[in-house]
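What follows is one structure encoded as structure tokens, with my remarks underneath.
The values are calculated or read from the model by the stated rules, or taken from the named source; none is laboratory data. Predicted, not measured: the structure shown is a model, and the values here were computed from it. So basically every Cβ, Gly included, is an ideal-geometry build from the backbone, and we count neighbours across all protein chains shown. What goes into the accessible areas is simple: the full protein's heavy atoms, side chains included, and nothing from ligands, DNA or RNA. Shrake-Rupley method; radii C 1.70, N 1.55, O 1.52, S 1.80 Å.
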Amino acid sequence: MPTVSVKRDLLFQALGRIYTDEEFNELCFEFGLELDEITTEKDIISKEKGEDRAKGASDTVLYKIDVPANRYDLLCLEGLVRGLQVFKERINLPRYERIIPAEGEGQKLIITEKAVQVRPHAVAAVLRNITFTKERYDSFIDLQEKLHQNICRRRALVAIGTHDLDTISGPFTYTAKAPSEIKFKPLNQSQEYTASQIMDLYRTDSHLRHYLHLIENKPLYPVIYDSNGVVLSMPPIINGEHTKISINTKNVFIECTGTDITKAKIVLDIIVTMFSEYCEKPFSVEAVEVIYPNGKTHIYPELAYRKEKVKPELINKKIGISETPSSLAKLLTRMCLKSHVIGNGNNIEVEIPPTRADIIHACDIVEDAAIAYGYNNIQMAIPKTYTIANQLPLNKLTELLRLDLAAAGFTEALTFALCSQEDVADKLGMDISATKAVRIANPKTAEFQVARTTLLPGLLKTIAANRKMPLPLKLFEISDVVVKDPNTDVGARNYRHFCAVYYNKSPGFEIIHGLLDRVMQLLEVPPNKENGYTIKAAEGSAFFPGRCAEVFAKGQSIGKLGVLHPDVITKFELTMPCSALEINIEPFV
């Protein structure tokens, strides 16, 4: 969940009253938020960098508030205050207005064919005659960063650029050029650089270096010019110094470029709705005409309102309450969803404002009604069901075995369910096709290419990482393995395996064999052919020839035990003999 830091005194001033910490914590809970921490800038610096660095830092009290990840309208002080004030019924929800300038007077953003090949989408808007203070300006910049980290997915989907409109002149052109052809003075720099030099400049920058990979390998870089050839920005990396906004800026040109048009429109709507209250005409936004390469035009921001109908019975049933339709409509209105009853009370018409992109389905409306009603106010009731919850038999068996294996002197390990192809095949002397391993389509690293088909590699890697520990090392794990199975809906099947490894100066086969006998004793499986278990000499690619046995129980082969082959031990970077046991425990459930 994103965390929003706001100055307590500034927040209380905007809310029009002073709260104690406990009162504000309760208000946050009622509104579906969480007051995560009460701190100061000095305390934060002191914790992160030491007390020496914290000298001279501000003692202003900060509230750190956890906000739901999809509530983009609460990521700044303005949206937070507006939401709380509407929730407490102190103000009405404002109506956002899009102003379309007269013909020939509005701004235009022209998208070229070259730009479409790199980052295809762009939207724009103008905040006209806005009044900034230091606090408003800081909040404006902070909101952009919060959106970049959240819905914009670290600028991969959308990048925001804000510019002082009075320093440039439209129409603006969004195009793409070779890095050597782009030259401008980046934000907060004193000289001009080419795009290639800019990439080198920010390669060591703690903030911007994380975004360079988005375009650095492309033959053309996106860039936005004004009518005089002045560079506004090179998205998604950096804006130009020429168009830098300040506290004194009166007219702000906002552009959002990206790879996802829906996200771009949401981001633009959020920025303009949050800060249009500081315009000369509050909650009004000047539209910009965007012209596409095919000649089509579109007016942004959309600031679209839409209406949904929800049945009161559905809301009452899902939450477990029995409120009247008018009462439910009032609850929704408090959550910034203007609502009223229509017809004979059979439906509630809900108006979704442009700030609430998180409202996708009727269940989102029901959730808001539940928050406004108060979760603590919902009466507890016994579910109308005759089933009794119980632990799955396989999980119960697993838990019981874990306790007794630990009592037998073995230490439990929990290893990754994903591993490399080498771990389950090459290192165990097998071909990958013979393992029936489920491959990951887009593995993040070479360490996580397939789902494990055996628990043995994970335990051997754990031993390799703990070689300096006193000998012997005795580890076990009871977890699922995954193998391909064309007879299932998903094409794969899980099996619960038990694996144990003994690592010492001598192989210790008798210890692993004794552990198998102890497990069978616990499972009440006698050592005989008819209705018990037996072991037979066998061969396995991971085991030393003549030192491997197959375990049979319940009329089927359930696994193997033996001394590991020296090649296997070496490939896992081990230096001493090792015995292992791995069986499937599902037949014993």
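Per-residue answers, yes or no, for (1) of a type in the set (Asp, Glu); (2) under 22 Å from LYS427 (Cβ atoms); (3) in contact with a strand residue (DSSP E or B) (Cβ under 6 Å, 6 or more places away or on another chain):
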site	(1), (2), (3)
PRO470	no, no, no
VAL481	no, yes, yes
LYS484	no, yes, yes
ASN487	no, no, no
LEU515	no, no, yes
I need the full set of residues from the range 394-425 which are in a helix (DSSP H, G or I) and open to solvent by 80 Å² or more (accessible area, probe 1.4 Å), in order please. LYS396, GLU399, LEU400, LEU403, ALA407, GLU422
Considering the range 502-514, residues that are closer than 18 Å to ILE535 by Cα and open to solvent by less than 10 Å² (accessible area, probe 1.4 Å), and then whichever is modelled with the lowest pLDDT, we arrive at GLY508
Which one is nearest to the chain's Cα centre (by Cα), of the residues in the range 141-154 that are surrounded by fewer than 16 Cβ atoms within 10 Å (Cβ to Cβ) and either among the small types (Gly, Ala, Ser) or assigned to a helix (DSSP H, G or I) (or both)? GLN149
Odd one out for GLU113, checked against (1) open to solvent by 40 Å² or more (accessible area, probe 1.4 Å); (2) touching a helix residue (DSSP H, G or I) at 6+ places or on another chain (Cβ under 7 Å): (2)
So ASP489 clears everything in (1) touching a helix residue (DSSP H, G or I) at 6+ places or on another chain (Cβ under 9 Å); (2) at pLDDT below 95; (3) of a type in the set (Asp, Glu) except one condition, right? Which one? (1)
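Yes or no, residue by residue, for (1) modelled with pLDDT under 95; (2) over 23 Å from TYR174 (Cβ atoms); (3) open to solvent by 40 Å² or more (accessible area, probe 1.4 Å):
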{"site": "LYS296", "(1), (2), (3)": "yes, no, yes"}
{"site": "GLU302", "(1), (2), (3)": "yes, no, yes"}
{"site": "GLU313", "(1), (2), (3)": "yes, yes, yes"}
{"site": "ALA357", "(1), (2), (3)": "yes, yes, no"}
Matching residues in the range 508-534 - criterion: being farther than 13 Å from GLY562 by Cβ, free of Cβ contacts under 8 Å to residues at least 24 places away in the same chain and either out of contact with any Pro (no Cβ under 8 Å at 6 or more places or on another chain) or part of a helix (DSSP H, G or I) (or both): GLY514, ASP517, GLN521, GLU524, PRO526, PRO527, ASN528, LYS529, GLU530, ASN531
Can we say ASP368 is modelled with pLDDT of 90 or more, open to solvent by 30 Å² or more (accessible area, probe 1.4 Å) and not in a loop (DSSP other than H, G, I, E, B)? no
Between residues in the range 406-434 that are free of Cβ contacts under 8 Å to residues at least 24 places away in the same chain and residues that are in a helix (DSSP H, G or I) and of a type in the set (S, T, N, Q), which pairs lie under 7 Å by C-beta distance while being six or more apart or on different chains? ILE432/GLN421
What are the residues in the range 315-348 that are open to solvent by less than 70 Å² (accessible area, probe 1.4 Å), over 30 Å from LEU147 (Cβ atoms), out of contact with any Phe, Trp or Tyr (no Cβ under 8 Å at 6 or more places or on another chain) and free of Cβ contacts under 8 Å to residues at least 60 places away in the same chain, if any? ILE315, ASN316, PRO325, SER327, LEU328, ALA329, VAL341, ILE342, GLY345, ASN347, ILE348
Just checking, does the range 155-163 include any residue being over 31 Å from the mean Cα position of the chain (by Cα) and either within 30 Å of LYS64 (Cβ to Cβ) or at pLDDT 90 or above (or both)? no
Neighbours by Cβ (under 8 Å, 6+ apart or cross-chain): first from the range 268-280, over 14 Å from PHE132 (Cα atoms) and open to solvent by less than 10 Å² (accessible area, probe 1.4 Å); second acidic (Asp, Glu) and in a helix (DSSP H, G or I): ILE270/ASP73; THR273/ASP73
Pick from the range 1-39 the residues that are under 27 Å from the mean Cα position of the chain (by Cα) and of a type in the set (A, V, I, L, M): which of them is farthest from GLU367 (Cα to Cα)? ILE38
Restricting to the range 83-107, count the residues that are closer than 21 Å to ALA304 by Cβ and in contact (Cβ under 8 Å) with a residue 40 or more places away in the chain. 13
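Could you pull out every one of the helices (runs of 4 or more DSSP H) wholly within the range 1-91 that has 1 or more residues that are more than 26 Å from LEU147 (Cβ to Cβ) and open to solvent by 70 Å² or more (accessible area, probe 1.4 Å)?
Once the helices (runs of 4 or more DSSP H) in the range 1-91 are filtered for at least 1 residues that are more than 26 Å from LEU147 (Cβ to Cβ) and open to solvent by 70 Å² or more (accessible area, probe 1.4 Å), what remains is 21-30, 41-49, 51-54.
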For the range 535-589, which residues satisfy the criterion of being loosely packed, with under 15 Cβ neighbours inside 10 Å and either at pLDDT 95 or above or assigned to a strand (DSSP E or B) (or both)? LYS536, ALA537, PRO545, GLY546, GLN556, SER557
Filter the range 371-393 down to the residues that are surrounded by fewer than 10 Cβ atoms within 10 Å (Cβ to Cβ), without any contact (Cβ under 8 Å) to a residue 12 or more places away in the chain, in a loop (DSSP other than H, G, I, E, B) and not basic (Lys, Arg) and list them by number. MET380, ILE382, PRO383, THR385, TYR386, THR387, ILE388, ALA389, ASN390, LEU392
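Count, please, the residues in the range 169-188 that happen to be polar (S, T, N, Q), outside any loop (DSSP other than H, G, I, E, B) and closer than 21 Å to LEU208 by Cβ.
Number of matching residues: 1.
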Given the conditions (1) assigned to a helix (DSSP H, G or I); (2) within 30 Å of TYR137 (Cβ to Cβ), report the number of the one that LEU328 does not fulfil. (2)
Boolean, LYS474 is over 29 Å from the mean Cα position of the chain (by Cα) and farther than 17 Å from ILE512 by Cα: no
Inspect all residues belonging to the range 246-265 and state whether any of them is over 30 Å from VAL81 (Cα atoms), in contact (Cβ under 8 Å) with a residue 60 or more places away in the chain and surrounded by fewer than 21 Cβ atoms within 10 Å (Cβ to Cβ). yes
Taking the condition of a type outside the set (A, V, I, L, M, F, W, C), over 20 Å from LEU27 (Cβ atoms) and under 31 Å from the mean Cα position of the chain (by Cα), does SER46 pass? yes
From the set of residues in the range 215-225 that are open to solvent by less than 10 Å² (accessible area, probe 1.4 Å) and either more than 15 Å from TYR193 (Cβ to Cβ) or among the charged types (D, E, K, R) (or both), which is farthest from the chain's Cα centre (by Cα)? ILE224
Please count how many residues of the range 174-192 are open to solvent by less than 40 Å² (accessible area, probe 1.4 Å) and over 33 Å from the mean Cα position of the chain (by Cα). 3
